[in-house]
Structure formats: structure tokens, C-alpha cells
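The values are calculated or read from the model by the stated rules, or taken from the named source; none is laboratory data. Quick caveat: nothing in here was measured; it's all calculated off a predicted structure. Here the Cβ positions follow ideal geometry from the backbone for every residue, glycine too, while neighbour counts run over all protein chains shown.
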Amino acid sequence: MQGNPFQIPESTDVNLLRMGYREAVLTEMDYVIIFRVSESSVYVVGIFHQLENYRKKV
């Protein structure tokens, strides 16, 4: 992710996808990171456990 954040799949949530967010799934720890990249900045919406319904929190 550090080398090329655009290799991470786009969000499956329609609203997050429209805003350019991506979902990185950390399978070994069961977490999802929701983020977007704008020029040289990375904006993280949140880090959620996969058992959480993070779509209600975003």
C-alpha cells in the first residue's frame, strides 16, 4: 500500500466510491481501512473490524 495505494481496490460502497475511497482489507488482523488519496495526502476515514457494520458509521 505504501508504494502504490492505487493497487488497493475501490470501495464497494456506492457513496464512498463516488468520493474516491478505497478499502484495504487486512485479512490477518480482520480489519478494513477506508481511505482516499489526493495528490500527496492520504485521508483515512477509519479503521474498522470486519465484524463491524462500518457503513453505518461512515
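The table below lists the values:
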read-out: Among (1) within 8 Å of the chain's Cα centre (by Cα); (2) modelled with pLDDT under 85, the one test that Ser40 misses; value: (1)
read-out: Selection from the range 36-58 of residues that are touching a residue at least 12 places away in the same chain (Cβ under 8 Å), within 16 Å of Ile8 (Cβ to Cβ) and of a type outside the set (A, V, I, L, M, F, W, C); value: Arg36, Ser38, Gly46, Gln50, Tyr54
read-out: Test: Asn53 is modelled with pLDDT of 85 or more, surrounded by fewer than 14 Cβ atoms within 10 Å (Cβ to Cβ) and among the polar types (S, T, N, Q); value: no
read-out: Filtered residues of the range 1-28 (kept if at pLDDT 90 or above and farther than 21 Å from Lys56 by Cα); value: Ile8
read-out: Qualifying positions in the range 4-23 - aromatic (Phe, Trp, Tyr) and surrounded by 13 or more Cβ atoms within 10 Å (Cβ to Cβ); value: Tyr21
